[in-house]
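Below: one structure, written as C-alpha cells.
Derivation of every value follows stated rules applied to the coordinates shown; laboratory data play no part. Note that this is a predicted model, so its numbers are computed, not measured. So basically every Cβ, Gly included, is an ideal-geometry build from the backbone, and we count neighbours across all protein chains shown.
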C-alpha cells in the first residue's frame, strides 16, 4: 500500500510481473504469424539446458583455477 505516494516493494514486483506476463498471455491468445514462425526456429529445450550446463561448467573451472592460483 502506498503510504506517502511511493508504492511498496511487493507492489512494484507485482507491477513488473504483470508488465512481463500480460504481453506473453496476449501473444499466446493471438498467435501472430511472425511469432509462430520464430518459435519454430528456437532450439529444443534439451539443447538450451545442455548449453547452460556447459557454460556453467566452464565458468566454474575458470573460477576454480583462478582461486587455486591465488592460494
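Could you state the angle between the C-alpha long axis of helix 45-70 and the longest principal axis of the C-alpha atoms of the chain, as a value from 0 to 90 degrees rounded to the nearest 10? In the chain, helix 45-70 runs at an angle near 50 degrees to the longest axis.
Taken along the Cα-to-beta-carbon direction at a fixed 7 Å, the label points for residue 50 and residue 65 span 2.4 nm. Going by the alpha-carbon gyration tensor, a ≥ b ≥ c the square roots of its eigenvalues, is the chain rounded (a/c under 1.5) or, if a/c is not under 1.5, prolate (a/b greater than b/c) versus oblate? Because a/c hits 1.5 or more and a/b fails to exceed b/c, the chain counts as oblate.
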